[in-house]
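Derivation of every value follows stated rules applied to the coordinates shown; laboratory data play no part. Note that the coordinates shown come from a computational prediction; the quantities given were computed from them, not determined experimentally. No Cβ is skipped: glycine too gets one built from the backbone with ideal geometry, and neighbour counts run over all protein chains shown.
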Amino acid sequence: MQSFRISGAIVAIAITLTAVPAGAQEHAMHHPASHGASDPVDARTAVSFPAPMRTHFLGKMRNHLTAISDAMTALSAGEFERAAGIADTRLGMDSPGAAACRDTDSSSPASSPAPDMEQMMSQSMPAGMRAAGLAMHQAASQFSAEARAAARSRDAGKAFAALSKVTQQCVACHSAYRVDP
């Protein structure tokens, strides 16, 4: 069992580091500044949020990263149900953060309740950013299903591959967009 934990963690890290979608790879090759190179030009699309929304948004991104790390830790330890639960409650389509990535109808009647922060963020995000976020939440829900399947089969391969698809969406979005101060 110990060798599975170690090799599972190595596989997860390798998948996460190497599985970058073609579009993000293309962007990274032509825009190295978005990956820490010394070129001062950052060609990613700038997104501006009002200060409180920016703080909320960046906090959500850090929470997503922590959830992915927690899910990877659980998965590599063979705690498949725990990994699935993390994905469901903190990353998947039923998580609170998914609401900001859904397309909102800005033409709703004035008598409707005031929009919450997630609805306002949805209205402030470019469509491509919102679509990448939604794809990440969908991939997290798929990861949850694969982690639950791994709990029955004890084969984590498909779960690790599904988790990789979650991080691919993160890479794609962060390669294409930046949040302005």
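Which value in Å is the Kirkwood Rh of region 52-181 over different Cα pairs?
Working: mean 1/r = 0.0656 Å⁻¹.
Here the Kirkwood hydrodynamic radius works out to 15.3 Å.
So, by mean Cβ neighbours within 10 angstrom, what's the order for 160-172, 54-66 with the highest one leading? Write down the numbers at each step before the final one.
Values: 160-172: 21.9, 54-66: 14.2.
Result, highest mean first: 160-172, 54-66.
Give me the one-decimal nm value for the distance between modelled label points at D180 and M53, 7 Å along each residue's Cα-to-Cβ direction.
1.3
With no solvent and one equal point scatterer per Cα, compute the Debye intensity ratio I(q)/I(0) for region 109-181 at 0.11, 0.21, 0.23 Å⁻¹ and report its log10, rounded to two decimals.
Each listed q corresponds, in turn, to -0.41, -0.89, -0.96.
Tell me the net charge near F80. Cut-off is 12 Å between Cβ atoms, F80 excluded, with +1 for each Lys or Arg and -1 for each Asp or Glu.
Values: positive: R82, R148, R152, R154, K158; negative: E79, E81, E146, D155.
With Lys, Arg at +1 and Asp, Glu at -1, the neighbours total +1.
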